[in-house]
Amino acid sequence: MNISKFLTLAAAGLIAGAAASDALAQTPKKGGTLTYTYQPEPTAISTLATTAVPVALISTKIYDGLLEYAGAAMEPKPGLAESWTVSPDNLSYTFKLRQGVKWHDGKSFTSADVKFSIEVLALNYHSRGKTYFGNVTAIETPDANTVIIKLKEAVPYFLKAFQPSETPMMPKHGFSEQEIAEKKVRQAKIMLEPIGTGPFKLKEWKKGSHIILERNADYWKPGQPYLDQLVLRILPDGAARAIAVEKGEVDLAPMTALPPAEIQRLGKLPNLVSSQAGSEGLGPIMWLEVNLRDKPLSDLAVRQAISMAIDRDKLVNVIWYGMGKSARGPIVSGNPNHFNKALPKYEYSPVKANKLLDDAGYKRGADGVRFKLTQNFLPYGEEWVRQAEYVKQELGKIGIQVEIESLDMGGWLKKVFTDWTYQLTSDFHHNYSDPTIGVQRAFISTNIQKGATFSNSMGYNNPKVDELLKKAATLPDGPDRKKIWDDVQKIMHDELPVIFLIEMGYTHIWNKRVKGLIVNGISMYSNWDSVWIE
Amino acid sequence: MRQASLLFLVRRLLQIVPVVLAIVALNFFLLRMAPGDVADILAGQMGHATAEFTQQLRQEFGLDRPLYQQFFIYMGKLLTFDLGVSHLQQTPVIVLILDRLPATLILMLTSVVLAVALGVVLGVAAARREGTIADSLISVLALVVYATPAFWLGLMLIVLFSIKLDILPSGGMIQIGAGLKGAAYALDVAWHLILPAATLALFYVAIYTRLMRASMLEVYGLDFIVTARAKGLSETAIAWTHALRNALLPVVTLAGVQFGHLLGGSILVETVFGWPGLGRLVFDALLQRDLNLLLGILFVSSAVVVSANLVVDLIYGLLDPRIVHK
């Protein structure tokens, strides 16, 4: 055998060996504890109490949704409901429930629980309950394993409603009649001592320190979950969280749980994985909200000038350490079904911005200032402050003098959504799995409502957009609906009801030994029943 | 004399009640002045929420009533020692406070006791060697430590002892999920306590050292020390039996004030080390406008501050017989 043949054979052997060990490595292993960290600590364990991120992260491991979802496009697949049929007019959905599913307290899961979870709980207590189920006319339960939901009007995103964070299946027997009658659902004991059907059960909650979930041995998927325990460690300081991840004391920091600078640093370490995949179903997007009631912000030329004065790429790369990309409209480009690919990138050109303002008649004063604006920012951390400072600096270059005002969350919410006394502010929304849920709320004129959070605070009122949004809300997904959403995006791209800035990237950092985390477009709100540790 | 002291005690105890109630009332209205309430926060956390939804939350929490009604309802409950329920956590406020209290007490007591003991010894040592290199060294070190932000010091200690040397845990109060009991549990807590207690104690040591030194030097200049020296007493005996007792008064005052702050915990140190104490609870409650929880913590801590002041007054009498309570 000559040397080159030997080398070839040896290389082939090595490759085959590596492939075999790779395949071996991909066989899920049972056992082990996954520790994750997120700040702040959850205030309850049910998204009925609040859908805040920390609550959704933990409650989705305990409470199942009726369905499961696959891929970035969130295709529904069987879960607690084994199968379903939809009537040709899309007005009646029949779900067949899996038999033999037990609640954590040993009682059987039945159609009565599904009806209760939708009719009594989601509809009345979940912040998006009315969006999903406002059209429901009746929920029938002909037997313990069948649920028929009837709708007044077709809802294109109806099957997306059954995610564990959106419509958690909760036991009817977990609430007393008095709690229901007196509307004390949020105060019920089950909010702190959950009983679900999910892969994990609550074992211990030491406030301020940690939460331990343990494996549900009676989980309906045989052999799953793979993990024995799931631990949430509460570490309020960002640097301390990063240290815990770096040291391997914590396996996972989901959804940008670490300060961006730390994410950039840790992402380069060989034992850690940094990824923005698995949040497509949330579609986080950030923009500069503008109060259109105020002159000169009501002037399109002014909004165009502001938009042109901001270098979105620089914002992403410098302030946000590369997490995200420049936005082109209200829908994130990662949305495979609804994003309008024809939208161009926004141009960065202070020269053109200056000219726009000159032409529109906003003359500079002796001090070089055309007019003054106040700017608020989301009180989520340092990056938001720096972004506000960057915007101030760039707008200064085109003669707009910006004064930054700092408020905490309570003050910010009141100023922006109740008082409408802001002029410019950063704001952050989720597209969710369907734009009618996540996008419509911020731009439809019926949502110009004082006190409605993350709604149309700008006072944006375009009858054409309203009409399109209403139409899109009833059509099934397909070319017709896509066309409508394309049109809406085009109008908003040009009309700038807000200054669209960045498609934010939720960055998850995990230890390489953790496998199977990214399963769909809401991976961190999935139940982690197939996550395992090497 | 004894009767006079007792009368003083009773009178001071009676004074505590209106003081604490006034503080609660002030807190109640001051906290309401901040814009936004817990319903806003909750609705904000949930992403989009309609105005009706937010209003429904306000009704649930009783925040839709006129302010004066809310105030009287709160005060009425307070008089029966009912601190109410946390709006966000849906747990009785007293349960939340008692839950965090042990962690705070362990951390604060350890560091304050450590700091007072070390501070007194170092302060006396520096004062006795006034003007020497040892004195300068102690004073400069105290100044440096005092000027170092606690959170930075904490992070540096973590980097050194937890990451580089890998001999101490980086945070938390126990090894989570280990299920330790009894002595093993106590040891585990002590193990986790070392870094946060050291961080906090270092800051206080600096204060006590400087205070003790200054106080000792002042006492050294007094006539009775000259008399003691004339009597031929040793410098050690003068320092520890004669001067110290007199010089301790300001230290006791400061320790009393600090004991009052005990309940507040140390937000920074608790944050850096993930220590589940009251400090974080206060901070989160404030940001989330969880007023019942905040008022409850402020009520308990104001009661403790006022009581600590009383205790300090009583200790004064013990240390210095010339102080007579009337």
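Readers should treat all values here as calculations from the given coordinates under stated rules, not as data from a laboratory. Model, not experiment: these values are computed from the prediction. With ideal geometry, Cβ positions are generated from the backbone for all residues, glycine too; neighbour counts draw on all protein chains shown.
Things to note:
- Among B:33, B:216, B:108, residue whose mean-square fluctuation peaks in a GNM of chain B (springs only between Cα atoms under 10 Å): B:33
- For the peptide A:231-241, the mean number of other protein chain Cβ atoms found within 10 angstrom of a residue's Cβ is 6.
- Across segment A:284-504, counting alpha-carbon atoms alone, Rg and Dmax equal 16.8, 57 Å.
- Using a cutoff of 8 angstrom between alpha carbon atoms and counting only pairs six or more residues apart, the relative contact order for segment A:174-303 works out to 11 percent.
- Packing, taken as the mean count of other beta carbons within 10 Å per residue, orders the peptides B:268-278, B:294-304 from highest to lowest as B:268-278, B:294-304.
- Charge-dipole axis of the protein assembly as shown as Lys and Arg at +1 and Asp and Glu at -1 on Cβ define it, positive-most pick from A:484, A:44, B:250: B:250
- Viscosity 0.692 mPa s, temperature 37 °C, Stokes-Einstein D of segment A:78-121 from Kirkwood C-alpha radius, µm²/s: 280 µm²/s
- In segment B:109-277, one over the average inverse separation of all distinct C-alpha pairs is 17.8 Å, which is the Kirkwood hydrodynamic radius.
- Excluding same-chain neighbours fewer than eight residues apart, the aspartates and glutamates reachable from residue A:96 by a Cα-Cα span under 13 Å are A:82, A:140, A:143.
- Overall dimensions of segment B:163-228, expressed as equivalent-ellipsoid semi-axes from the Cα gyration tensor (√(5λ), whole Å, largest first), are 43, 14, 8.
- With only the Cα atoms considered, segment A:388-501 has a convex hull volume of 118 Å³ per residue.
- Per the Debye formula on identical point scatterers at the alpha carbon atoms of segment B:107-196, with no solvent, log10 I(q)/I(0) at q = 0.14, 0.17, 0.18 Å⁻¹ is -0.69, -0.89, -0.94.
- Semi-axes of the equivalent ellipsoid for chain B, computed as √(5λ) from the eigenvalues of its C-alpha gyration tensor and ordered from largest down, come to 43, 28, 16 Å.
- Filter on A:102/A:172; A:77/A:160; A:341/A:482; A:29/A:221; A:314/A:363 - keep pairs with C-alpha separation over 18 Å: A:314/A:363
- Placing +1 on the Cβ of every Lys and Arg and -1 on the Cβ of every Asp and Glu, with nothing else charged, gives chain B a dipole about its Cα centre of roughly 1000 debye.
- For residue B:129, neighbours were defined as the other residues whose beta-carbon sits under 13 Å from its Cβ, and their charges (Lys and Arg +1, Asp and Glu -1) total -1.
- Site pair residue A:480 and residue B:94 shows an inter-label distance of 6.3 nm when each label is modelled 7 Å from Cα along Cα→Cβ.
- Over segment B:27-111, the reciprocal of the mean inverse Cα-Cα separation, the Kirkwood hydrodynamic radius, stands at 15.0 Å.
- Segments A:197-206, B:62-71 sorted - mean Cβ within 10 Å per residue, highest first: A:197-206, B:62-71
- Rg/Rh ratio calculated on Cα atoms of segment A:194-249 (Kirkwood radius): 1.08
- Helix-only CD estimate at 222 nm, as mean residue ellipticity for chain B, using -39500 (n - 2.57) per DSSP H run (n ≥ 4): -24500 deg cm²/dmol
- Per residue, the convex hull spanned by the Cα atoms of segment B:59-159 measures out at 204 cubic angstrom.
- For segment A:231-292, the direction-averaged projected area of the alpha-carbon convex hull comes to 6.1 nm².
- Residue by residue along B:32-42, Cβ atoms of other protein chains within 10 Å of the local Cβ number 6 on average.
- Taking the three principal axes of the alpha carbon atoms in segment A:91-153, the coordinate ranges are 35, 24, 12 Å, sorted in descending order.
- Helix runs (DSSP H) in chain B reaching 27 Å along axis by Cα, Kyte-Doolittle at least 0.0: B:2-33, B:93-128, B:182-220, B:291-319
- The calculated FRET efficiency for residue A:98 paired with residue A:268, based on their beta-carbon distance and R0 = 41 Å, is about 0.40.
- Cα-based helix-to-principal-axis angle, A:238-247 vs chain A, degrees rounded to 10: 40 degrees
- Rule-of-thumb Rg ratio for segment A:227-358 [Cα; 2.2 N^0.38 Å; N residues]: 1.38
- Set A:345/A:470; A:345/A:372; A:295/A:490; A:268/A:352 screened for pairs whose C-alpha atoms are more than 32 Å apart: A:268/A:352
- Pairwise centroid distance, computed over Cα atoms, of segment B:55-76 with segment A:77-130, Å: 36 Å
- Label reach from residue A:217 (point 7 Å along Cα→C-beta): in segment A:100-136, amide nitrogens under 17 Å belong to A:102-107.
- Normalised alpha carbon radius of gyration of the protein assembly as shown [divisor 2.2 N^0.38 Å]: 1.09
- Taking the centroid of alpha carbons for each part, segment A:499-532 and segment A:192-232 are 19 Å apart.
- Here residue A:30 is the anchor, and the aspartates and glutamates within straight C-alpha reach of less than 14 Å, apart from those fewer than 8 places off in the same chain, are A:214, A:228, A:529, A:534.
- Peptide A:217-228 has a mean of 0 when you count, residue by residue, the C-beta atoms of other protein chains within 10 Å of its C-beta.
- Dipole size of chain A about its Cα centre, with +1 on Lys/Arg Cβ and -1 on Asp/Glu Cβ: approximately 340 debye, rounded to the nearest 20.
- Shape category assigned to segment A:468-534 from the gyration tensor of Cα positions, a/c cut at 1.5: oblate
- Spatial extent of segment A:153-197: Rg and Dmax, with the Cα atoms as the point set, Å: 13.3, 37
- Of all aspartates and glutamates in the structure, the ones whose alpha carbon falls short of 13 Å from that of residue A:415, not counting any fewer than 8 places away in one chain, are A:289, A:405, A:427, B:37, B:40.
- Look at the alpha carbon pairs under 8 Å that are at least 6 residues apart: their mean separation over the length of chain B gives a relative contact order of 28 percent.
- FRET E, pair residue A:184, residue A:406, Förster distance 35 Å, beta-carbon r, rounded to 0.05: 0.40
- Segment B:227-326 - Debye-derived log10 I(q)/I(0), Cα point model, q = 0.18, 0.21 Å⁻¹: -0.89, -1.02
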